[in-house]
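The values are calculated or read from the model by the stated rules, or taken from the named source; none is laboratory data. The structure displayed is predicted, hence computed values, not measured ones. All Cβ positions, even for glycine, are placed from backbone atoms using ideal geometry, and neighbour counts span all protein chains on display. For the accessible areas, the whole protein counts, side chains as well, though only heavy atoms, and no ligand, DNA or RNA atoms are used. Shrake-Rupley method; radii C 1.70, N 1.55, O 1.52, S 1.80 Å.
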Amino acid sequence: MKKKLALILAVALCLGLFVGCSSKDANAPKEEVLEIKVGHGTAETTALHQGWLKFKELVEQKSDGKMTVKIFPNQQLGGDRELIEAVQLGNVTMTSPSTAPLAAFDPAFFVLDIPFLFSDRDMVYEVLDSQVGESLLDTLKEYNIKGLGYWENGFRNFTNSKLPVRSPQELSGIKVRTMENEIHMKAWSLLGANPTPMAFGELYTALQQKTVDAQENPFELIYATKFHEVQKYITKTQHIYSAYIPLMNNEFFNNLSSEYQQIIMDSIKEATAEQRQIAGKNDVEFEEKMRSTNEVIDLSGDEKQAFRNEMAPVLDLVKTKAGEDMVSAFTEATGY
Ligand code: TK8
């Protein structure tokens, strides 16, 4: 019995030494590796995920591995709303929500929910990358969040399982999932539909089980999230441009050395170019793919105008939420 005990102790001691020795090399300088935890809401096939992969590659390379980036896609750490909260609290370092759910935290972002504010991508990039876009990102500091730039979700299109919609009149009684954003809800009720706010993560099942009839998202996400399997009709409304905002916990950013802060900013900038390029490519490719499986309804200029006219009254509501100054900065820049 004593022998056995001695043996066990000896083995334990050896193991302890072994573990101790391998984990601490007395000669190696003590280097702290800073881990950046990223959570986002979309599938690995999206440009959003590719953007984060690029960011990871750049940060790790520029910092010689002293900063590492761990990415959790597909709402593994929660949907947009939960992730914004987690970044605010510092439980997650970075995320990239669409601007619409972000507006519930910082109402200045409602300005991007004005339907048909942007007419094309070139205008989007020009305005968002200018001082006007910068001033919107700056508003986030107050919420302990650092807004680092604008990535692309894309121009949103309306899909549904009931009929080939060409006009607002046909939306009467249609249950449409909207993002958790009161301007979006208001816009869809002005169109005569029945808006139901819902987290993105619940949407596929809701469409499949017909809890809702319709939703709206850019072509890329419709395809990547397989909504086209449960939504026969896709109307190319392009009613709102959705941007993603890469965010970081502001304290985390402020505590970084200026060298590391620069690495973060530079990496985001480079990743932005790549993310947008992939998003643009996917938008075209995924639209093309769905044209062979779904009914895609193209709208004429007049037909689009009808949607625009019905939704236009939200502008006043946006002004009261985002502030007149923020709204005019954007509408002047886009010529709305
Ligand atoms: C993904 C969402 C999504 C958005 C939505 O996390 O909820 O419809 O378009 O992209 O941000």
Beta bridges per DSSP with both ends in the chain, % antiparallel, nearest 5
50
Would you mind computing, in nm to one decimal, how far apart the modelled labels at residue 320 and residue 34 are, each placed 7 Å from Cα along Cα→Cβ?
4.3
Ratio of Rg to Rh over the chain (Cα coordinates, Kirkwood Rh, two decimals):
1.10
Mind computing the radius of gyration and Dmax over the alpha-carbon atoms of the range 270-336? Å is fine for both.
17.2, 45
23 Å tail of the calculated P(r), the range 70-209, as % of Cα pairs
42
Projected-area average for the range 227-276 over all orientations - Cα convex hull basis, square nanometres:
5.7
Relative contact order (percent) for the chain, with alpha-carbon contacts under 8 angstrom and 6 or more residues of separation?
24
Mean accessible area per residue over the chain (1.4 angstrom probe, all protein chains present, square angstrom) is 47
Residues with beta-carbon under 13 Å from that of residue 42, excluding residue 42: net charge, scoring Lys, Arg +1 and Asp, Glu -1?
-3
Accessible surface of the range 162-286 [probe 1.4 Å, protein heavy atoms]: carbon and sulfur percent:
48
Can you pull the one-decimal nm distance between simple spin-label points at residue 143 and residue 291, each 7 Å off the Cα toward Cβ?
3.8
In whole angstrom, the spacing between the Cα centers of the range 281-319 and the range 43-116 equals 26
Gained length - residue 269 relative to residue 166, 0.36 nm times residue gap less alpha-carbon distance:
33.2 nm
For every other residue with a beta carbon closer than 14 angstrom to the beta carbon of residue 53, add +1 if it is Lys or Arg and -1 if Asp or Glu, then tell me the sum.
-2
Residue 88 neighbourhood, Cβ < 15 Å, K/R = +1, D/E = -1, net charge -2
State the extension gain, in nm to one decimal, for the chain segment bounded by residue 211 and residue 89, taking 0.36 nm per residue of separation less the distance between their alpha-carbons.
40.6 nm
Helix-derived [θ] at 222 nm for the chain: sum -39500 (n - 2.57) over DSSP H runs of at least 4, divide by residue count, nearest 500?
-14500 deg cm²/dmol
Computed label-point distance, nm, for sites residue 129 and residue 76 using a 7 Å Cα→Cβ extension:
3.2
Could you sort the peptides 282-294, 52-64 by per-residue average Cβ neighbour count (10 Å cutoff), highest mean leading?
52-64, 282-294
